[in-house]
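For reference, the structure is listed below as C-alpha cells.
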Amino acid sequence: MKKNNAEEYLRVKFITFALIILVFVFSANYFNFENYFDVEKLRVTVKEYGSNAPIFFIFIFILGVIFFIPISILILSSGTLFGTGYGAIYSVIGGTLSGVICFFISRYFGKSYFELIIKNRFKRFDKFKTKFENSQVRSNLILRFIPIIPFSVANYSFGLAKINLNKYTL
C-alpha cells in the first residue's frame, strides 16, 4: 500500500471507530447508564423490562466492559436479580459477548495505531508479543486469573495480538 492510501485507510478506521464510540455513548446516555451501578436502581430498572430483563442486563454488562467499568457490581447483582443459576448464566453470556466485542474493536480499530506507538517506544515489545502469541491459551488463563488486571484490559490486549478467536473464547 502506498503511504497516502495507508494514511487514508487509518483515517477511515479512526472515523468509523469514533462513530461507534459515539453510538455507545449516546446509548449509555439514553439509558441513564450511570444509574445501573447502584444495585437497588439496577434491580428496579431490570424489573421494569419484564421478560426482556435478561437481554437488558446483558446489554448493560457489555457496555460496562467496553467502557472499562468494573463489572464486579453487575456480577454480584446478577444473582440477586435473577437467582444464582440464571444470574451466573447471564453474567457468562454478557462476559463472553463483551469480550468478543472488545477483541474485535481492538483487532480492527486499534491494532495498527497501537503497534505504531508501542514499537517505537518499547524495544522488547516484539519479544513479549511473540511469547504471548505462542502460548495463547496459557496467556489467556494467566491474564484472567491475575486479580489486578481488569477484564476489559485483557479483552483489548488479546485483540491486539495474533490470537485465534476460538482459543480466546475458550
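The values are calculated or read from the model by the stated rules, or taken from the named source; none is laboratory data. Only a predicted model underlies this, so the values are computations on that prediction, with no experimental measurement involved. A quick note on method: Cβ atoms are made from the backbone with ideal geometry, for glycine too, and the neighbour counts reach across all protein chains shown. Note: accessible area is taken over every heavy atom of the protein model, side chains too, but ligands, DNA and RNA are not part of it. Shrake-Rupley method; radii C 1.70, N 1.55, O 1.52, S 1.80 Å.
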Write out, first by first residue and then by second, each pair whose Cβ atoms fall under 8 Å of each other, whose residues are 6+ apart or on separate chains, and whose first residue, in the stretch 139-161, is under 19 Å from PHE114 (Cβ atoms) and modelled with pLDDT of 75 or more while the second is acidic (Asp, Glu) and part of a helix (DSSP H, G or I). LEU160/GLU115; ALA161/GLU133
Which ones in the stretch 63-80 are of a type outside the set (S, T, N, Q) and either part of a loop (DSSP other than H, G, I, E, B) or open to solvent by 20 Å² or more (accessible area, probe 1.4 Å) (or both)? PHE67, PHE68, ILE69, PRO70, ILE71, ILE73, ILE75, LEU76, GLY79
Residue tally, condition of a type in the set (S, T, N, Q) and open to solvent by less than 60 Å² (accessible area, probe 1.4 Å), over the stretch 81-114: 4
Residues in the stretch 119-130: is at least one modelled with pLDDT of 75 or more, open to solvent by 70 Å² or more (accessible area, probe 1.4 Å), among the charged types (D, E, K, R) and assigned to a helix (DSSP H, G or I)? no
All conditions in (1) open to solvent by less than 40 Å² (accessible area, probe 1.4 Å); (2) at pLDDT below 85; (3) among the aliphatic types (A, V, I, L, M); (4) within 27 Å of TYR168 (Cα to Cα) are true of ILE21 except (1)
May I ask you to list the residues in the stretch 141-170 that are among the basic types (Lys, Arg) and in a helix (DSSP H, G or I)? ARG144, LYS167
Among the residues of the stretch 36-47, are any at pLDDT 80 or above, surrounded by fewer than 11 Cβ atoms within 10 Å (Cβ to Cβ), assigned to a helix (DSSP H, G or I) and among the acidic types (Asp, Glu)? no
